[in-house]
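Asker: Dropping the structure in here first, questions after.
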Amino acid sequence: EADIYQTPRYLVIGTGKKITLECSQTMGHDKMYWYQQDPGMELHLIHYSYGVNSTEKGDLSSESTVSRIRTEHFPLTLESARPSHTSQYLCASSPNEGLDEKLFFGSGTQLSVL
Amino acid sequence: DQQVKQNSPSLSVQEGRISILNCDYTNSMFDYFLWYKKYPAEGPTFLISISSIKDKNEDGRFTVFLNKSAKHLSLHIVPSQPGDSAVYFCAARSGGGADGLTFGKGTHLIIQP
């Protein structure tokens, strides 16, 4: 099992603020992902990384940005938060195990932008 | 264009009975399927998976069935227990793990005493 941590768990913030959602994993996984999920909806991939200095945009367009300077750390940043960014943000990682690999998720950050 | 569909937003089952959660997919390139369980305000946790070369995989009370010709899979939980009450997401992947997983909208399973 992967140990993957997200902070903060909950964040309420005003419009226009810059925020960074933290995600760290201790298992040395190369692959890391950010998903966004609204209640009753599917998880949408917004960013992923295959390793240090590798970042790609996912299927869902997002105004957020990510960085991968260290293997264990994959933070997500919103330069100017808006109410439309209110959502749950889920970070995940996976080992490079080929066809039967699975994603391990953190507990998520519930973001509310007022 | 939803590639993974869970058409039942919710399902209520009595404790001790069988719970059957269904999932349909449209992308014939999917070769690996997973079920995740999610409690409110927590991240999804992996439950069970199946490769497209199999039609059944069993793990304790959980069994996943895959019907490739119908592009349909189902998760059976028997017997259902109160702790099984959660949202269950069906997910699929194609091509060896590229670009993460494609998820359905989830089915909220409620186990009634």
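Asker: Is it the case that residue A:80 is of a type in the set (Ser, Thr, Tyr) and within 27 Å of residue B:86 (Cβ to Cβ)?
Answerer: no
Asker: Determine which single condition residue A:49 fails, assuming it passes every other condition in (1) closer than 19 Å to residue A:19 by Cβ; (2) buried (at least 17 other Cβ atoms within 10 Å of the Cβ); (3) touching a Lys or Arg at 6+ places or on another chain (Cβ under 6 Å).
Answerer: (1)
Asker: How many residues are surrounded by fewer than 21 Cβ atoms within 10 Å (Cβ to Cβ) and under 21 Å from residue A:30 (Cβ atoms) when one looks only at the stretch A:65-90?
Answerer: 9
Asker: Answer with yes or no whether residue A:56 is touching a residue at least 60 places away in the same chain (Cβ under 8 Å) and of a type in the set (Asp, Glu).
Answerer: Judged against the criteria, residue A:56 is not a match.
Asker: Also: Give the residues of the stretch A:10-31 that are facing chain B (nearest Cβ under 10 Å) and either within 12 Å of residue A:72 (Cβ to Cβ) or at pLDDT 95 or above (or both), sorted by residue number.
Answerer: A:10
Asker: For the stretch A:38-64, which positions are within 11 Å of the chain's Cα centre (by Cα) and more than 16 Å from residue A:87 (Cβ to Cβ)?
Answerer: If the condition is that a residue be within 11 Å of the chain's Cα centre (by Cα) and more than 16 Å from residue A:87 (Cβ to Cβ), then A:48, A:49 are the ones that fit.
Asker: Let me ask you something else. Hey, residue B:12 hits all of (1) over 20 Å from residue B:105 (Cβ atoms); (2) in contact with a strand residue (DSSP E or B) (Cβ under 9 Å, 6 or more places away or on another chain) but one; which does it fall short on?
Answerer: Of everything listed in (1) over 20 Å from residue B:105 (Cβ atoms); (2) in contact with a strand residue (DSSP E or B) (Cβ under 9 Å, 6 or more places away or on another chain), residue B:12 misses just condition (1).
Asker: Could you check the stretch B:9-46 and list, in sequence order, the residues that are within 16 Å of residue B:77 (Cα to Cα), surrounded by fewer than 19 Cβ atoms within 10 Å (Cβ to Cβ) and of a type outside the set (Val, Ile, Thr)?
Answerer: Selection gives B:10, B:11, B:12, B:14, B:15, B:16, B:17, B:22, B:46.
Asker: Does residue A:71 satisfy the criteria of being more than 10 Å from chain B (Cβ to nearest Cβ) and touching a residue at least 24 places away in the same chain (Cβ under 8 Å)?
Answerer: So residue A:71 passes the test.
Asker: How many residues are of a type in the set (Phe, Trp, Tyr) and facing chain A (nearest Cβ under 7 Å) when one looks only at the stretch B:39-54?
Answerer: Residues that pass the stated criteria total 1.
Asker: Could you list, ordered by first residue, the pairs with Cβ atoms under 7 Å in which the first is in the stretch A:91-109 and over 10 Å from residue A:29 (Cα atoms) and at the interface with chain B (Cβ under 7 Å from one of its Cβ atoms) and the second is modelled with pLDDT of 90 or more and in a loop (DSSP other than H, G, I, E, B), at least 6 apart or interchain?
Answerer: A:105/B:43; A:105/B:44; A:106/B:43; A:107/A:9; A:107/B:43; A:108/B:43
Asker: Output yes when any residue across the stretch A:29-37 is within 22 Å of residue A:81 (Cβ to Cβ) and either charged (D, E, K, R) or free of Cβ contacts under 8 Å to residues at least 40 places away in the same chain (or both), and no when none is.
Answerer: No, there is no match, as no residue in the stretch A:29-37 is within 22 Å of residue A:81 (Cβ to Cβ) and either charged (D, E, K, R) or free of Cβ contacts under 8 Å to residues at least 40 places away in the same chain (or both).
Asker: Now a separate question. Mind checking whether some residue in the stretch B:58-81 is among the aliphatic types (A, V, I, L, M), over 27 Å from residue A:88 (Cβ atoms) and buried (at least 17 other Cβ atoms within 10 Å of the Cβ)?
Answerer: Looking for residues that are among the aliphatic types (A, V, I, L, M), over 27 Å from residue A:88 (Cβ atoms) and buried (at least 17 other Cβ atoms within 10 Å of the Cβ), one finds at least one in the stretch B:58-81, hence yes.
Asker: Could you check the stretch B:1-38 and list, in sequence order, the residues that are touching an Asp or Glu at 6+ places or on another chain (Cβ under 8 Å) and at the interface with another protein chain (Cβ under 8 Å from one of its Cβ atoms)?
Answerer: B:2, B:4, B:32
The values are calculated or read from the model by the stated rules, or taken from the named source; none is laboratory data. None of the values given here were measured: they were computed from a predicted structure. Cβ atoms come from the backbone with ideal geometry, glycine included; neighbour counts cover every protein chain shown.
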